[in-house]
Each structure stands twice: as structure tokens, then as C-alpha cells.
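Read-outs throughout are calculated quantities, based only on the coordinates presented, and are distinct from any laboratory measurement. This structure is a prediction, so every number in the text was calculated from the model and none was measured. Quick reminder, even Gly has a Cβ in these numbers, built from the backbone with ideal geometry, and neighbours come from all protein chains shown.
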Amino acid sequence: MQKRFLLFAALIAFSAPAFSQKFFTRDAKVKFFSDASMEKIEAVSKSGTAVLDAASGAMEWKVLIKGFLFEKALMQEHFNENYMESSKYPDATFKGSITNFSDVNLNKDGAYQAKVKGKMKIHGVEKDMEVSGTITVGDGALKISSEFTVKCTDFNIKIEAAKVANISNDIKITVDATLNPMKKGN
Amino acid sequence: MKRIIYLLLAVAFAGGAIGYYLWNKPHVDMQSAKADLAIDAAALFNEYSADETAANAKYLDKMIAVSGKVKETTKAEDGTVKVSLNTGSDFGVLCELDPLSKHPRTEFTEGETVTFKGNCTGLNFDVQLTRCVEVK
């Protein structure tokens, strides 16, 4: 009896990795847009990473702040030095999981609306956030796109009174990524 | 009185010109920029794996020349080219070619030894470098 149980336990242990398939990308495009009365500012990073656990719907995103490219060099400088303090806080992360996972079938081609709840960390400040997006399953990959807004004030990013007309407190963020199955079990 | 007005106008004009220049200050020209330091891809990756904070203090925002063997080259639909340098680990040093520079070539053979110079932006699975150009 005990032997059989051990065999069963071993089977479970060894077969588990097959079920916990992970999807990964290092090419996530993260764009942000500030639309203030005097000025529009946008910047993009094409090297965000994302890991999604297909078994649980858990996901983790990370983008390096110094990897954002702006049209104007001076804006990029100010963004890094004055607002994001990117030498002190080099990355932004989001860790969460899909809350309506029963509506999302990652094994069947199609487009699904996903709601994700988790912790957003920007400028060293962590905040609970709920974000929605689309997951398109096809060709063995997951295409994820999302658009949401973050408030500078929520993440302790201070905009001087003199710059209020230039930089919006509401920053629109768009994310586009194609996640492929991770080759190894890591 | 007139002289003071002229003087004020001159100062205002100079201020405006400086402001305009700063506003339109171009991005650093990567081809002619000098690298702050040169390092091997594996050594850079190992330093980051061992202690990210210490490595950031040393390399973050520095223009570094990284040498290594090409593991993989990817080209995105929008034309973005990334070259991954082998470090003996699952992850490596990921060099994103500069969208503002002209590149003599964007094709690299797996296993060939190359050197890229770019801005080190930190650790995100790979050590990432942006605005890279090849150094011959």
C-alpha cells in the first residue's frame, strides 16, 4: 500500500512540470503617454519581460526604466533624473494573476478578455491595481495587449507646479507582448 | 534708457537661444561616443547575477562596450534588432540596436565574436543594453 502511494506521489511530482507550462517574452513593448494641456510626451521600451504560468494564470512583468526612449534627449534626462529617479529605482514591475481565469482557455485558439489583479510597483512604491486586457491564443503563443492609466501621485512621482501644464498626472500605459512557451523548466 | 532696453533684449534673446538649444538637444551620437568601459559578456552577466545592486552602481547608465559570442539575433516586425550574447547561462547580455543610428549590418552569425557598445539599463533576466552599435 505504502509502496503504491510512493509510486503515485513520484508520478505526480514528475508529471507536475508538464502541467505548469510557462510562457515568456523579453520583447514586450511598453509605451506611455502623457497628454497635458501644453505638451504631449511619449516614450517606449521594447525590452519588457513577462512570464505567465498557464496553470494558474499568475503573471509577472518587468521593464527597466532607463530603457525608455524619448524623442527628445532632454525629456529622457528629466524623466530619469527628476521624476523616476531611475538610478535608485531601476525598474517597474507588476505581479498579479488573472481573476476570471475560468473564462480564459489558454489551450484553445481565440481572443479572451482577461481581468488581472495584482501589485504594481513604480518608483519604489507598490500599489494594488486591477487591469484588464486581451489575451489572444494562437500559433502556440499568447498575444497580450492592455491599456491602463496610472496616476503619478499614486507612486509618489512629484510634478512641480510649474510643470503641471506640461506633464499630466494621468499617464496612459499600453502594453503589447507575444509570449512563447518557455523552453526549459525554469 | 535705450541702451538698457537693448541689453535686456540681448539677454532675453540669448536666454531663448540657450533654452531652444537645450530643448532640441539631440541624443548622444552612439557611433562617435566613447565607451566608459569595456567588459566581457559573461563577466558582466556574472556580476549582475551575484549582486544586482552592486552591479547597477557600477554599470547602470554607463556606456559600455560588451564583447561576446552571438547566441541569437531577433528582428521584430517593427524592425527592432536584438542580439543576445552568450554567457553560458540561460540568459545573457541582450543588446538592442540603436533605432537612431545607421548600422553597417544587422545580421550576425551564431557563435561569431562581436563587440557592441550601448547604454546599460540593468538586469531583466538578461543584462540589457539599449542604443547599441557594433564596434569594429
Quiz item: Shielding of A:66-76 by partners, i.e. mean partner chain Cβ atoms within 10 Å per residue?
Solution: 5
Quiz prompt | Calculated from backbone phi, Karplus (6.51, -1.76, 1.60) coupling profile of the stretch B:83-89 in Hz, x at Gly/Pro | solution = 10, 9, 9, 5, 10, x, 10
Quiz prompt | Using θ = phi - 60° and Karplus 6.51 cos²θ - 1.76 cosθ + 1.60, couplings along the stretch A:130-137 (whole Hz; Gly, Pro as x) | solution = 10, 10, 10, x, 10, 10, 10, 9
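Report, as a whole number in µm² per second, the diffusion coefficient that Stokes-Einstein gives for the stretch A:40-186 at 10 °C and 1.306 mPa s using the Kirkwood radius over alpha carbon pairs. It would help to have the intermediate numbers written out before the result.
Numbers: Rh = 16.6 Å.
Estimated via Stokes-Einstein, D reaches 96 µm²/s.
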Quiz prompt | Packing rank of A:48-57, B:71-80, A:136-145, where each peptide gets the mean count of other beta carbons within 10 Å, highest leading | solution = A:48-57, A:136-145, B:71-80
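May I ask you to derive the FRET efficiency for A:GLN113 and B:ALA17 from their Cβ-Cβ distance with R0 = 56 Å, giving the value to the nearest 0.05? Numbers along the way, then the final one.
Numbers: r = 53 Å, r/R0 = 0.94.
E between A:GLN113 and B:ALA17, to the nearest 0.05, is 0.60.
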Quiz item: Counting partner chain Cβ atoms within 10 Å of every residue's Cβ in B:123-134, what's the average?
Solution: 4
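How long is the gain from A:THR174 to A:ALA55 if the chain were fully straight, where each residue apart is worth 0.36 nm and the alpha carbon distance is subtracted?
Values: separation 119, 0.36 × 119 = 42.84 nm, distance 2.54 nm.
Between A:THR174 and A:ALA55, full extension yields an extra 40.3 nm.
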Self-check item: HN-Hα J in Hz across the stretch A:170-177 - Karplus 6.51, -1.76, 1.60, θ = phi - 60°, x for Gly and Pro
Solution: 9, 9, 7, 10, 10, 10, 9, 8
Self-check item: Any cysteine of chain B lacking a neighbouring Cys Cβ under 4.7 Å - listed by number
Solution: B:CYS120
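For B:LEU100 and B:ILE4, calculate 0.36 nm times their separation in residues minus their Cα-Cα distance, and state this gained length in nm to one decimal.
Numbers: separation 96, 0.36 × 96 = 34.56 nm, distance 4.48 nm.
Full-extension gain reported as 30.1 nm.
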Quiz prompt | Beta bridges by DSSP in chain B, antiparallel share as percent, to the nearest 5 | solution = 75
Quiz item: Expressed as a fraction of 2.2 N^0.38 Å, the rule-of-thumb size for a compact globular protein of N residues, what is the C-alpha radius of gyration of the stretch A:18-106?
Solution: 1.35
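Work out the FRET efficiency for A:THR134 and A:ALA161 from their Cβ-Cβ distance, taking R0 = 35 Å, and round it to the nearest 0.05.
On the way: r = 38 Å, r/R0 = 1.10.
The value I calculate is 0.35.
Can you sort B:TYR6, B:TYR48 so the residue with the fewest Cβ neighbours within 10 Å comes first?
Ascending Cβ contact count within 10 Å gives the list B:TYR6, B:TYR48.
What helices in chain B pass both tests, a Cα length along the helix axis of 15 Å or more and a mean Kyte hydropathy of -0.5 or higher, using whole DSSP H runs?
Membrane-span-like by this rule: B:2-23.
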